[in-house]
1. Looking only at Thr42, Thr172, Thr226, which one moves most when the chain is put into a Gaussian network model with springs between Cα atoms under 10 Å?
2. So what is the 222 nm mean residue ellipticity for the chain from helices alone, if each DSSP H run of at least 4 adds -39500 (n - 2.57) and you divide by all residues, rounding to the nearest 500 deg cm²/dmol?
3. When the Cα centres of the range 14-45 and the range 210-266 are compared, how far apart do they sit, in Å?
4. Could you go through the range 41-47 in sequence order and give the Karplus-derived ³J(HN,Hα) for each residue, using 6.51 cos²θ - 1.76 cosθ + 1.60 with θ = phi - 60°, rounded to whole Hz, and x for Gly and Pro?
5. Please list 3J(HN,Hα) in residue order for the range 59-71, calculated via the Karplus relation 6.51 cos²θ - 1.76 cosθ + 1.60 where θ = phi - 60°; whole Hz, with x for glycine and proline.
6. Could you size up the charge dipole of the range 4-251 around its Cα centre, putting +1 on the beta carbon of Lys and Arg and -1 on that of Asp and Glu, and report it in debye to the nearest 20?
7. Most fluctuating residue of Gln174, Gln100, Gln245 in a GNM of the chain with Cα springs under 10 Å: which is it?
8. Report the one residue of Phe153, Leu52, Ala110 whose Cα lies farthest in the direction of the positive end of the charge dipole of the range 4-251 (charges on C-beta: Lys and Arg +1, Asp and Glu -1; origin at the Cα centre).
Amino acid sequence: MPALRTALLQSSGRPGDVAANLTALDEAVGRAAGSGAGLLVTSEMFLTGYALEVQEIAGLAETSDGPSAVAVGEIARRHGVAVLYAYPERDGAAVFNSAQLVGPDGTRLANYRKTHLFGCFEQDAFTPGDAPVVQADLNGLRVGIMICYDVEFPENVRSHALAGTDLLLVPTAQMHPFQFVAEQLVPVRAFENQMYIAYVNRTGPEGEFEFVGLSSLAGPDGTTRTRAGRGEELVFGEVDPELLQASRADNPYLRDRRPGLYASLI
């Protein structure tokens, strides 16, 4: 099985301007296609911006099959590249911090709602999701989705490992002074759970936040396969099924687990 070339779109887009962000996404997916990528992943809340007023987020929220979903499906289909994009999702009166995976033919494959909301801002703006493991099959890989703070909970990522996730996609809004999560925690999560993790951040100042960039693709061997800097970037990494298979054969973590000892922690 060939490697899946994956593009990480490290960008905050233009907060509050969905049309401009869709245009930027179209351009980035075109560049990704030209570089041979089969998948592009955006940062958290890319379509609308992150540091908005609660009422503005609610006003920009759309259903998972709304106009932006249709537009992203067309972008993916036209360029032949799968896209994981992040947005505020409306479902009735509730608004979720969500990410949706669209296949290279424009088909919506999976929609995930952030389960662990960070701080008062997110807890005021969003309803937490209640499905910790959301997956889809893409290019022969089992792809899972999380958002930002979710990946900092070891139980969350281990649930994906036990469900067979090969590549975990994590749009994020990682801010100063927590850059150690991008630099240290994410590669460890990939190693201890034997998977690839694509961690894609916003960048620069936005409202009261300073996003740190440092988007990365971490491998199951614990190495960072590609790393962005602090500014706007489109970087690429290879998700290699052969390396994944070899690493899983060599690493005994999942085989040597003793779940009976941990029952009281669940």
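1. Thr226
2. Value at 222 nm, helices only, nearest 500: -8000 deg cm²/dmol.
3. 23
4. Here the 3J(HN,Hα) series is 10, 9, 7, 4, 6, 4, 5 Hz.
5. Result, ordered by residue: x, 8, 5, 10, 6, 5, 10, x, x, 5, 4, 5, 5 Hz.
6. Details: 17 positive and 32 negative charges, 99 e Å.
That gives the range 4-251 a dipole magnitude of about 480 debye.
7. Result: Gln245 has the largest fluctuation of those listed.
8. Ala110
Taken together, the values in this text are just the output of simple stated rules run on the coordinates, not laboratory data. All figures in this text were calculated on a predicted structure; none of them were measured in a lab. Neighbour counts run over all protein chains shown; Cβ positions are idealised from the backbone, glycine included.
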